[in-house]
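We did not get these values from a lab; they are worked out from the coordinates using the rules stated. Just so you know, these numbers come straight off a predicted model, no measurement behind them. Note that we place each Cβ from the backbone using ideal geometry, even for glycine, and neighbour counts take in every protein chain shown.
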Amino acid sequence: MRKFSEGISLYLHVPFCIRKCPYCAFYSVPMSNRELVGVYLDAVELEASKWSNWRTCKRPIRTLYIGGGTPSLLSVGEWERLKNILERNFNLDFLEEATVEANPGSLNEDLLTFWKEWRITRVSIGCQSFDKQDLLILGRPHGALEGMKSLELALVKGFHVSCDLLFGLPGQTIRRWHANLETALRLGVHHVSCYQLTLEEGTQWGKSPPQNIPSGYPFYRWAQYYLEKKGLYQYEIASFALRGFECSHNLGYWYRRDCIGIGPGAWGFIRGRRYKNVSSLKDYVSRLKEGRSIKEWSERLIGLHGALEAAMLGLRTRWGIDEIDLIEEFGKEKAQEVLLRLEDVPEHLLKKKPHKLVLTRRGMRVGNAIWEKLVS
């Protein structure tokens, strides 16, 4: 498995959006009242101060990821306060990567200048598509030109830039998907994340699915072929990057690095325990004020459960499962159980090297079916 320098990761969830997209399952609320941002920041400060007193969290933060929601909706003044909260409560002097998510339409030069002068090194922009019809169907609050201009502006400012794109959209064709990929590469992005549209429970489209949704398989296959042909190699199930521009924070998730999750709806993972904060800004704020737990859910992932999860997450990446590392962390018996469950996966899907198991390009396309063998 991939090795990381000693330390910890930090994720901060900013829950505000202009409006809720019909397919989105991430926790967010419309920014109908600007005062809500101040209330949210007060609560984040309370949560951060609690974490700062834990000995576990005295370790240096190696990667920072600020996601949402739409973090780029915060003003420079609000960002200044957020910066001060994080700097006071965590050791950020050893950061190796710091990412902010942004959306076209709310990203501007003032924000990028502030991020550049702080510690931010990477901007992930949720364009989703550069096709007018796709954007209308998705209900995105921006146009294609805004998406392109946002990428160009972030690149000019000197950030590592990632572009999120969706495939398998209602009525989408391979030709339109290719045009999206081509546009992102023409603009010069360093990283592309390709996500298949999924109808998540609790979303508008989960309750009332749109018509004419194509199979995602050919779209994903084309992305694998085209992006690698253009120099972006696939290092994770949904991620393609130029060499040296991989997202270290996300790789930390797949290799179970300790990560503090802050904010309503945020996930974290500390010493084998995965947890989730309450997905309600109102509950998050009131519980912190009253000194009550903000955890909505937590689970201890040790023994066979931990080994199976580690294997499933490792298989998301091009480095796969290292049998020696698995034995070292979970013991020989648990490691053998993991390998036994994958024994009948054919070679054209799962490449079996000495002490390693790695999904092939074809295996990545049917990853869910292979992972099911580990969680069944």
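The table below lists the values:
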item: Approximate spin-label separation residue 49-residue 87, in nm, with each point projected 7 Å along Cα-to-Cβ; result: 1.9
item: Residues in the stretch 350-372 that a label on residue 196 would reach, taking backbone N under 16 Å of a point 7 Å out along Cα→Cβ; result: 360-372
item: Those GluC sites (Glu not before Pro) in the stretch 164-231 that DSSP places in a loop and that have at most 14 other beta carbons within 10 Å; result: 200, 201
item: Potential lengthening between residue 369 and residue 179 on full extension [0.36 nm per residue; Cα-Cα distance subtracted]; result: 65.5 nm
item: Rg/Rg_globular for the stretch 115-243, with Rg_globular taken as 2.2 N^0.38 Å and Rg from C-alpha atoms; result: 1.07
item: DSSP-assigned coil residues among GluC sites (Glu not before Pro) in the stretch 284-376, each with at most 13 further Cβ atoms within 10 Å; result: 343, 347
item: Cβ-derived FRET efficiency at R0 51 Å, residue 133 paired with residue 33, nearest 0.05; result: 0.95
item: Tail beyond 19 Å, pair distance distribution of the stretch 47-150 (Cα, percent); result: 49
item: The chain, dipole about Cα centre (Lys/Arg Cβ +1, Asp/Glu Cβ -1), debye to the nearest 20; result: 420
item: Added length on full extension, which subtracts the Cα-Cα distance from 0.36 nm per residue, residue 333 to residue 352; result: 4.9 nm
item: MRE, 222 nm, helices only [DSSP H, n ≥ 4, -39500 (n - 2.57), over the chain, to nearest 500]; result: -12000 deg cm²/dmol
item: Theoretical gain in end-to-end length, residue 343 to residue 324 [0.36 nm per residue, Cα-Cα removed]; result: 5.1 nm
item: Karplus-derived HN-Hα couplings along the stretch 246-261 (A = 6.51, B = -1.76, C = 1.60, θ = phi - 60°), whole Hz, x at Gly and Pro; result: 5, 8, 5, 4, 5, 5, x, 4, 5, 10, 6, 6, 4, 9, 7, x
item: DSSP-defined antiparallel bridges as percent of all bridges, the chain, nearest 5; result: 40
item: Low-density loop positions, trypsin sites (Lys or Arg not before Pro), the stretch 149-246 - DSSP coil, at most 16 other Cβ in 10 Å; result: 157, 230, 243
item: Under 5 Å, built H, 5+ apart or other chain: amide partners of residue 163; result: 125, 191, 192, 193
item: Subset of 20/83; 20/230; 83/116; 50/276; 20/116; 50/289 violating a 22 Å alpha-carbon distance limit; result: 20/83; 20/230; 20/116
item: FRET efficiency estimate (nearest 0.05) - Cβ-Cβ, residue 58 to residue 360, R0 45 angstrom; result: 0.60
item: Cα-Cα P(r), the stretch 252-376, percent of pairs per 5 Å interval; result: 2, 11, 19, 19, 15, 11, 9, 6, 5, 2, 1, 0
item: Listed candidates (1) -0.41, -0.67, -0.82; (2) -0.38, -0.60, -0.73; (3) -0.63, -0.79, -0.88 - label of the one calculated as log10 I(q)/I(0) by the Debye sum over Cα atoms at q = 0.08, 0.10, 0.11 Å⁻¹; result: (1)
item: Within the stretch 156-245, percent of DSSP bridges classed antiparallel, to nearest 5; result: 50
item: Nonlocal amide H pairs with residue 263, under 5 Å, H built at 1.01 Å; result: 13
